[in-house]
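The values are calculated or read from the model by the stated rules, or taken from the named source; none is laboratory data. Keep in mind the model is a prediction, meaning the values are calculated, not measured. Cβ placement follows ideal geometry from the backbone for every residue including glycine, while neighbour counts extend to all protein chains displayed. Ligands, DNA and RNA are stripped out before the accessible areas are found, and what is left, the full protein with its side chains, is counted by its heavy atoms. Shrake-Rupley method; radii C 1.70, N 1.55, O 1.52, S 1.80 Å.
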Amino acid sequence: MVEESDVRVVRFGGSKINLRPPIISTDSRFVLCTSGDSVKVYSTRTEEWLHSLQGHTNQVTGIALNPANHLQVYSCSADGTVKLWDFIDGILIKTFIIGYPLFAIYVSEKHEGIVFLHIAMDTDSKKEGFQLVAVHLPKSAEQEVEAKELSAVSSHISPNPSCTAFGREGQYIAFARNLQLNVYFFRKQKTYSFSLKATDKKGAKNAFTCIACHPTDDCIATGHEDGKIRLWRNFIHKKEYTYSTQHWHHNAVNTLCFTPEGTNLLSGGIESVLVQWQYGTGNRKEFLPRLGGSILHVSASSDGQLFCTSHSDNKITVIESSFKVCGVIQGLVKGDAVLTDLMIDPRSKALVLNGKPGHLQFYSLLRDKHLYNLDIVQQEYIYEAGLDQFEVVKAAFDIKGYWLATVEERGQKSADLEFFLKLWSYDERTQSFVLNTTITAAHTDRIISMCFSSSEETTMLVTIAEDGQFKAWCQGVDDQNFWSCDFVGSYHNLKPTNCSFSADSSLLAVSFQEVITIWSPDTWELLTTLCQPPGVIRDLCFGRLSCSKYLISTTTRNLLCCWNLLTCAFLMDSFSGLYTVFVFKPNEPRPLFTHKNVCSEKIHRAVFVPREEPLNNCDESSQWLNRSQLYFLTQNMDLLTFSTATEEDRMLSSSTRLVIDDSVAVTPFYLLLGKHRQQQQKLNTPSHQAADRPQQPQGSVTITELLHTPAHVLPPASVLCSMFVSSLLISNTGEEDSEGEMEACDSQQELRVQGSVDEVTPKLSKAQERELKRVRKTDFSWMAGLIASKP
Amino acid sequence: MASFKPTKVQFLPKLGEKVTEETLYWKNYKSPVQIKEFGAITKIDFSPLPPHNYAVTASTRIHIYGPHSQEPIRSFTRFRDTAYGGSFRGDGKLLVAGSEEGLIRLFDISGRVALRQFAGHSKAVHVTSFLSDGFRVVSGSDDLSCRVWDVPSAVELSSLTEHTDYVRALAPSKLNPDLFVTGSYDHTVKVFDMRSGSSVMTMQHGHPVECVLLYPSEALLVSTGGRYVKVWDLLKGGQELVSLKNHHKTVTCACLSSVGNKLLTGSLDRHIKVYNSSYKVVHNFDCDASILSMAIAPDDEALAVGMTNGVLSVRHRRHQKDKETLTSRRRRGPSYQVFVKGKNFVPRQDDFLVSKPVKQYLRKYDKQLKSFEVSKALDTALQTWTRTSKPDVTVAVIIELNRRGTLKNALAGRNEESLTKILNFLLKHIFDPRFSRPLLMVGDIVLDLYQQVFHESPVVERLLQRLMEVLGREAELQQELLQVLGILDTLFASLTPRKEVMAHAAPPVAQESQLQAA
């Protein structure tokens, strides 16, 4: 067993960006949101991710603009620190060490130098007791400051951070917990509390879910579990308070927000409808329906021109004040569970998995960006708690990425199960998948698994179901364009568990409980049966390339079995271990690589993804990572991967480049030259990415200099021209080198297949390569003379 | 912001024949006009001249009908016994007919009395026809002979007695005036050449021949008899090209359509089958009685069928014109200009096009579903027109309501009238395999909801009674089908060799799932 320090587990695909309300910067150019242990900055106009503020060592739990300086932002984290950032340049200004895990942050203009934080009452946060504390941030020039001046404002507050809000001009703070609304007046140093009954005659549930205070008026809006919104007034007097009730939401109100002028109140809930109530006119409201997942947070920019909603499907929507959606920032959608496997679209090399309910999402791993959602169910989604919805449970691509098969299911819990098998073909013109065939009753019981044949010429789909049958589906029986059933097979009425095609699709393996049956797809003859050691088979996979004679299966008893199909001999290995990743070569019983305790949760799925360009890693232990990358998904829907040192260097360089691009000021020259440079980049990126990289810093210095300087102080254009043009040139040697490299990797790339388990051929080392190139360049013309003279 | 996704109406293909161009062509006939004759109609012949009148031989008369008249425009009644085989000359001016007593009569279309009488046959003459030169008549008789007569002099030119049984079929060649084909009850089809005075070709049909027919090219010959229709290739010396067995009773008549030379055959089993050029049945006409004779007008304008019960049924082609008269009666919509206004503008090269947002048009039930008016949406889907002509839309709305979990709400609180509507819909469609699942669910919910109040309305109660009856019958039927399936399974299992034990149940199930998949 090899334990390798070189290979590191890295989080991928970003974390949730919808944990806390996003913030829009004062100039409405940026949106900031928490994402795992960093704060991400997006552009509101282009929806692009600009950079992230990294430095926290644990989940970031809150962000707030510094009221004293609108270019700075406070962030608090569960690691017990509050950090102050310059979010435009991404510079950490200060770190305040509080010492307790923090859960939310609030600031107010009136209380300069003071932040209000949620901390756990006791040191163990399980008790759900939270308190609100005010922390005086000491003024000092040092980078790291310990802030120890904690003064409790209130204890026993709700763990939900949207249940706390500052009132008009920071005069009071309102916070609600369960059925009680508390208002703390700073001047009087007093807390007034108002409580509601748990239920009334009509069965209303009155628990508070969120709170918002009017910016100019003494009014507090509270949202309730049954969808009511109450507007509290006159709460300065303990007895004579009044409230009015408005009701539109049919489920709990998740969030409330007043616009900065206080003319409108925004509310959102599970229905995914943003409701705008006109303040003071009673019941006049506007709606913006079907925004995506249920709305978790709403925030408004300080000039009231933009609103931001964050949704449960890991999305931030930017909305203009005229109620028009103008931007969508989408992260990796994290549903409840990935029912489909992790898959790789053979065409775009994108990771494919469950996304929004009823959709498949395509996520580009290379660019770390959400590409698009493919609507599988094609039905209006009804946002209602406890409704049984159609879910995509299975999906499979054929080897060329031309066909996609999906299974959607509804009513897993109840007796009447509905499911559809759908086949999608790739449309070159629209660059997406188009529905070809819908099969309503493919099997009599639910489909367990399916796979496409791996041959290039004919595509065949095999589905196995709980009714004990497996069916083969083919396209174009009697010249029609749609798919129909070709063969139905079963084996002693046993329940099948999995199926797999061999690399040349001359064999189909179907496992029935503890037996593997091998079929010939041409004649549908049962060739042989292989009996396993005890334990029901869970997964089944054929080897690829040189290992295509091996059939690998896993059982419920933690066994990995390997069959040599030429001799029908049996190789076996048993292993166990919690939270461990093993990597095997099919022809060796010992694991090639083991990584223990990868993360603190169960690993559910894993997939090999081919790299765009292979790494030149000669290290014995991490060679298997050279041409493909292993991604795996944990129980909590975190996407992880292994990364090596060389890779991380590369990542770093690419991220710095992005920052430079954005910081260029918009001068007339920029418009002119920026366009030119984008075109150039476009030309470069597909083929010579490697060549572009070393060139960039040198060239960009000249260009940024040129672009930053105002036009009237620039030297004449004739002087600039030659300098500028020479900066654009790409040196000869670098290009040649990289092209040779690319060719080599292209040929290897084709052999790569998702989920492959082939052995890795050792790559030539740098020195060897150079030697080879030298031999190639040597002049062999003297040989010609030799040959000519011979006869 | 995503737009509202309308309810998906599932298109489930119906099982059965596929719709092709040919079926559409043959379906394009109006419902038949029925004319009652005095006896079994043995022969129908269309005049080759427009307006294509046709002669109908039945009992002791020959009637001539105009293309659209239901009353005979002329009738020849001077027969002492049953008349047979009235057929026109090539110019449509003369008509010849045989009779039971053995006399052959020649009529002028405009006259009443026979112009000529050919006497010589000793028994009934069932088939008569002009040869293509128009001066000679050929006849086939029950006295086993075929005779050729000269029209101007009314004398017998020759007598051919090669058949050994009744001659009941005859077809003269249109290209050669000396050739004709006869079919007889001695199971043979013979081609006679008047120049040699004897048969030049003999083909064994294998059954008593009822009808022979030459293709216009006269390379192919069709003979019918027994349950078989056989096509012979004359150029290959009378080789059998194809033998068709699509009828389950004797095939009595055959004719060729003038558009594309499609073969039509009529039989005592009351069906007319239409074959395509590769002799596959593409269409089927049903009649009320056994068919004895059939003819199709030039350009397929009308199909006349004569039956044993003396009913002549004529189907006329439906024309585009008829439809136009229907549409012109309808209210005129906005003019063409309204729809293309601004749409035919071609932008110039440098123009920047601002596309107008496409307005999404929703159906009424979708609009109601969008605003969560579930009961109203169900009402809309149950409107008479939707319910009767597009039941799949109604069922789609029901499925959608069920998916939203509001089907119960939509069904609740209905009065007797709308409940009758629902129950009638159930009665009609609950056995349709496409709809039965959601409809059974609807039935369950209706029973749950209205259990207490059923007895208040006799109408609803009666409908429920009927529903229960048909459900019981259906359950019995299903049980029987399962039994048959079990029997078939054992048969298949015993048929397959021992080696392939695994795949025994494959063929029937595969077919079944194919049907489902289709």
Worksheet item: So for B:245, A:40, B:356, what's the accessible-area order with a 1.4 Å probe, most first?
Response: B:356, B:245, A:40
Fill in: Cut-off 11 Å, label 7 Å out along Cα→Cβ of residue A:287, residues of the stretch B:407-425 by amide N
none
Fill in: Rough spin-label spacing in nm, given labels placed 7 Å along Cα→Cβ, for residue A:10 and residue B:20
6.2
Worksheet item: Using a 1.4 Å probe, what is the accessible area per residue for the stretch A:459-571, in Å²?
Response: 40
Worksheet item: Which residues of the stretch A:371-400 show a drop of at least 50 Å² in accessible area when all protein chains are present, compared with their chain alone (probe radius 1.4 Å, heavy atoms only, ligands and nucleic acids excluded)?
Response: A:378, A:379, A:380, A:382
Item to complete: Taking all protein chains together and a probe of 1.4 Å, list B:385, A:248 from the most accessible to the least accessible.
Response: B:385, A:248
Worksheet, complete the sentence: In chain B the accessible area split gives carbon plus sulfur, as whole percent at 1.4 Å, a share of 54
Fill in: FRET efficiency estimate (nearest 0.05) - Cβ-Cβ, residue B:444 to residue B:161, R0 56 angstrom
0.10
Item to complete: Please work out the FRET efficiency for the pair residue A:570 and residue A:417, using the Cβ-Cβ distance as r and a Förster radius of 30 Å; give the result to the nearest 0.05.
Response: 0.20
Item to complete: Quote the charge dipole size of chain B about the Cα centre in Debye, to the nearest 20; the model charges only the Cβ of Lys and Arg (+1) and of Asp and Glu (-1).
Response: 2400
Response to the item:
In the structure shown, of B:190/B:236; A:139/A:190; A:422/B:428; A:40/A:324, the pairs separated by more than 18 angstrom at the C-alpha atoms are A:139/A:190; A:422/B:428; A:40/A:324
Discussion item. Within the stretch A:170-278, what whole-number % of the accessible surface is contributed by carbon and sulfur, with the 1.4 Å probe and all protein chains included in the calculation?
Written reply: 47
Discussion item. Under a crude label model (7 Å from the Cα following the beta-carbon direction), how far is residue B:3 from residue B:474 in nanometres?
Written reply: 3.8
Discussion item. Using a probe radius of 1.4 Å on heavy atoms only, what accessible surface per residue do you get for chain B? Whole Å² is fine.
Written reply: 54
Response to the item:
Here the residues of the stretch B:395-419 whose accessible area is at least 40 Å² smaller with all protein chains than in the chain alone (probe 1.4 Å) are B:403, B:404
Fill in: Greater than 18 Å apart at Cα, pairs in B:27/B:273; A:83/A:334; B:245/B:280; A:285/A:315
A:83/A:334; A:285/A:315
Item to complete: Can you pull the one-decimal nm distance between simple spin-label points at residue A:428 and residue A:154, each 7 Å off the Cα toward Cβ?
Response: 6.5
Item to complete: List the residues of the stretch A:483-520 that lose 50 Å² or more of accessible area once all protein chains are present, compared with their chain alone (1.4 Å probe, heavy atoms only, no ligands or nucleic acids).
Response: A:485, A:488
Worksheet item: Hey, what did chain B get for relative contact order, percent, Cα under 8 Å, at least 6 apart?
Response: 9
Worksheet item: Heavy-atom accessible area of residue B:5 with all protein chains present, probe 1.4 Å, nearest 10 Å²?
Response: 60
Worksheet entry | Neighbour cut-off at most 13 other Cβ (10 Å), DSSP loop, chymotrypsin sites (Phe, Trp or Tyr not before Pro), the stretch B:267-302 | none
Practice prompt. Quick one: check the C-alpha center-to-center distance for the stretch B:347-411 versus the stretch A:29-45, whole angstrom.
Written response: 39
Practice prompt. Could you list, in their original order, any pairs among B:343/B:364; B:370/B:390; B:8/B:367 whose Cα atoms are separated by more than 23 Å?
Written response: B:343/B:364
Worksheet entry | Chains B and A together, accessible area buried on both sides, 1.4 angstrom probe, square angstrom | 2800
Worksheet entry | Estimated FRET transfer efficiency when R0 is 30 angstrom, pair residue A:169-residue A:239 (beta carbons, to 0.05) | 0.75
